[in-house]
Amino acid sequence: MDLLSKAITFYQSLNDRYSIAAQLGNFGLTLRQFGRNDEAKPFLLQSAEIFDEIHLPQYAQQLRRAAS
């Protein structure tokens, strides 16, 4: 979690919204692989929202499916 926070802070300093969404999504997908679905859901949905905002709806849709 600490590394994710550091990565998000770094990407925010660059205004790199794609990488923020990718990091959040990958973290959520990894949590799902470990069976931690309830913890994964907020990360997946936050990632999906960002992907929608940057006009990548196909990624957003995949992450929303993973969250459900």
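The values are calculated or read from the model by the stated rules, or taken from the named source; none is laboratory data. Please read all numbers here as calculations on a predicted model, not as lab measurements. Reconstructed Cβ throughout: ideal geometry from the backbone, glycine too, with neighbour counts over all protein chains shown. SASA here: full protein model, heavy atoms, side chains in, ligands and nucleic acids out. Shrake-Rupley method; radii C 1.70, N 1.55, O 1.52, S 1.80 Å.
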Residue-wise HN-Hα coupling along region 34-46, computed from phi with Karplus coefficients 6.51, -1.76, 1.60 (Hz; x: Gly, Pro): 8, x, 9, 4, 5, 6, 6, 3, x, 5, 5, 5, 5
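For the chain, what does the relative contact order come out to in percent, with C-alpha contacts under 8 Å and a separation of six or more?
Details: 74 pairs, mean separation 18.6, N = 68.
Computed value for the chain: 27 percent relative contact order.
Quick check on the chain: helices-only [θ] at 222 nm, where DSSP H runs of length 4 and up contribute -39,500 (n - 2.57) each and the sum goes over total residues. Nearest 500, please.
Counting only the DSSP helices, I get -27500 deg cm²/dmol.
Report in % the part of the accessible area of the chain that belongs to carbon and sulfur, leaving out ligands and nucleic acids; probe 1.4 Å. Display every interim value, and only then the final one.
On the way: 2380 of 4580 Å².
Answer for the chain is 52 percent, counting heavy atoms of protein chains only.
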Matching label, P(r) over Cα pairs in 5 Å bins from 0, in percent computed from the structure shown, candidates [x] 4, 21, 29, 24, 16, 6, 0; [y] 3, 16, 20, 21, 17, 10, 6, 3, 2, 1, 0; [z] 3, 16, 20, 17, 13, 11, 9, 5, 3, 2, 1, 0: [x]
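By average Cβ neighbour count within 10 Å, what is the ranking of 45-51, 9-15, 29-35, 59-65 from highest down? List each step's numbers first, then the result.
Values: 45-51: 21.1, 9-15: 11.1, 29-35: 13.1, 59-65: 17.3.
Most protected by this proxy first, the peptides run 45-51, 59-65, 29-35, 9-15.
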Rounded to whole Hz, the Karplus (6.51, -1.76, 1.60) HN-Hα couplings of region 53-61, x for glycine and proline: 4, 9, 6, 10, x, 5, 5, 4, 5
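Taking the Cα centre of region 11-68 as origin, work out the dipole magnitude from +1 charges on Lys and Arg Cβ and -1 charges on Asp and Glu Cβ, in debye rounded to 20. Could you put the intermediate results ahead of the total?
Numbers: 6 positive and 6 negative charges, 44 e Å.
So the magnitude is around 220 debye.
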